[in-house]
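To start, the structure under review is shown below, and the notes come after it.
The values are calculated or read from the model by the stated rules, or taken from the named source; none is laboratory data. Note that this is a predicted model, so its numbers are computed, not measured. Because the Cβ atoms are built from the backbone with ideal geometry, glycine has one as well, and the counts that use them run over all protein chains shown.
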Amino acid sequence: MGSAPPQRPPGPSPVDVRPVRRSPDEARATPVAEGLWWLSLPLPYSPGHQVNAFLFERDDGWCLVDTGSPLEGGLGVLEHALSLAGVRLDHVSLLLCTHAHTDHYGLASAVIELAGCPLAMAAGHTAGVDVMREPAVPFERRRALALAAGIPEEEVPQSTRAPGDDGYYPRPDPDLVLADGDLVPARGGGWRVVPAPGHSATQVALLHERTRTLISADLVFAG
């Protein structure tokens with residue numbers, strides 16, 4: 001499932017794609033139910049942009065669902081959000097990424113190293129963005145796709161870049177491969193794996209059947 005080494009397009013970026021600096025203090029942690037927290041993680045794409053992550057309690061610690069952005073400051077944002085829930089990275093016994101987009105999977109390598117925990121994901125590619133901006137796809141292939149799609153030659157460099165170099169991060173393979181119907185153990189009842197392709201071909205949602213609670217990843221989001 002691992003991907004090829006990322007490749008940057010040649011030459012400088014034709015547009016300003018620098019990330020927007022966000023403060024860890026913008027992170028939020030909200031209790032949803034006993035043993036379940038919703039984390040709101042600010043993203044460096046634009047002011048006010050955030051991604052949802054979740055924590056649910058297990059017998060051996062906590063499962064972190066999704067990670068936030070790997071861009072500068074992203075790990076500090078995640079650690080601060082965890083602290084608001086009274087959790088440290090070394091309390092995390094499982095990292096589960098709902099899909100391989102940058103804002104959900106970009107810190108996976110750092111989290112599993114610091115927490116010493118396994119990674120769970122569905123089988124499939126680890127593309128972080130659309131294929132024309134995906135650094136793991138060779139640049140000449142991206143260029144050919146852009147031209148075939150009718151993008152003018154002079155706009156190809158802009159169209160083949162990930163914003164703020166957000167696509168350049170380690171992409172670990174999962175230790176646990178999630179399949180339809182798998183049950184992820186948790187206190188108060190496990191979470192059922194439900195395939196939710198569309199936004200990402202390999203996206204999964206998590207259903208807590210007893211309480212009818214759904215962690216929907218990017219199946220449903222504002223905007």
**Asked** Is at least one residue of the range 75-83 under 15 Å from the mean Cα position of the chain (by Cα), under 18 Å from Pro174 (Cβ atoms) and in the same structural domain as Val111 (by TED's automatic domain parsing)?
**Response** no
**Request:** Could you tell me which numbered condition Leu207 fails, if it satisfies all but one of (1) assigned to a loop (DSSP other than H, G, I, E, B); (2) modelled with pLDDT of 90 or more; (3) farther than 19 Å from Gly124 by Cβ?
**Result:** (1)
**Asked** Going through the range 204-218 one residue at a time, which ones are over 13 Å from Leu178 (Cβ atoms) and buried (at least 19 other Cβ atoms within 10 Å of the Cβ)?
**Response** His208, Asp218
**Conditions (1) small (Gly, Ala, Ser); (2) part of a helix (DSSP H, G or I); (3) surrounded by fewer than 24 Cβ atoms within 10 Å (Cβ to Cβ): number failed by Ala81** = (3)
**Message:** For the range 91-131, which positions are modelled with pLDDT under 95 and assigned to a helix (DSSP H, G or I)?
**Reply:** Thr102, Asp103, His104, Tyr105, Val131
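Residues checked against (1) farther than 12 Å from Ser40 by Cα; (2) touching a residue at least 40 places away in the same chain (Cβ under 8 Å); (3) of a type in the set (Gly, Ala, Ser):
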position: Gln50; (1), (2), (3): no, no, no
position: Asp59; (1), (2), (3): yes, yes, no
position: Trp62; (1), (2), (3): yes, no, no
position: Gly76; (1), (2), (3): yes, yes, yes
position: His80; (1), (2), (3): no, yes, no
position: Leu89; (1), (2), (3): yes, no, no
position: Val92; (1), (2), (3): yes, no, no
position: Thr98; (1), (2), (3): yes, yes, no
**Fill in**
Counting only residues in the range 50-67 that are more than 14 Å from the chain's Cα centre (by Cα) and outside any strand (DSSP E or B), the one surrounded by the most Cβ atoms within 10 Å (Cβ to Cβ) is identified as Asp60
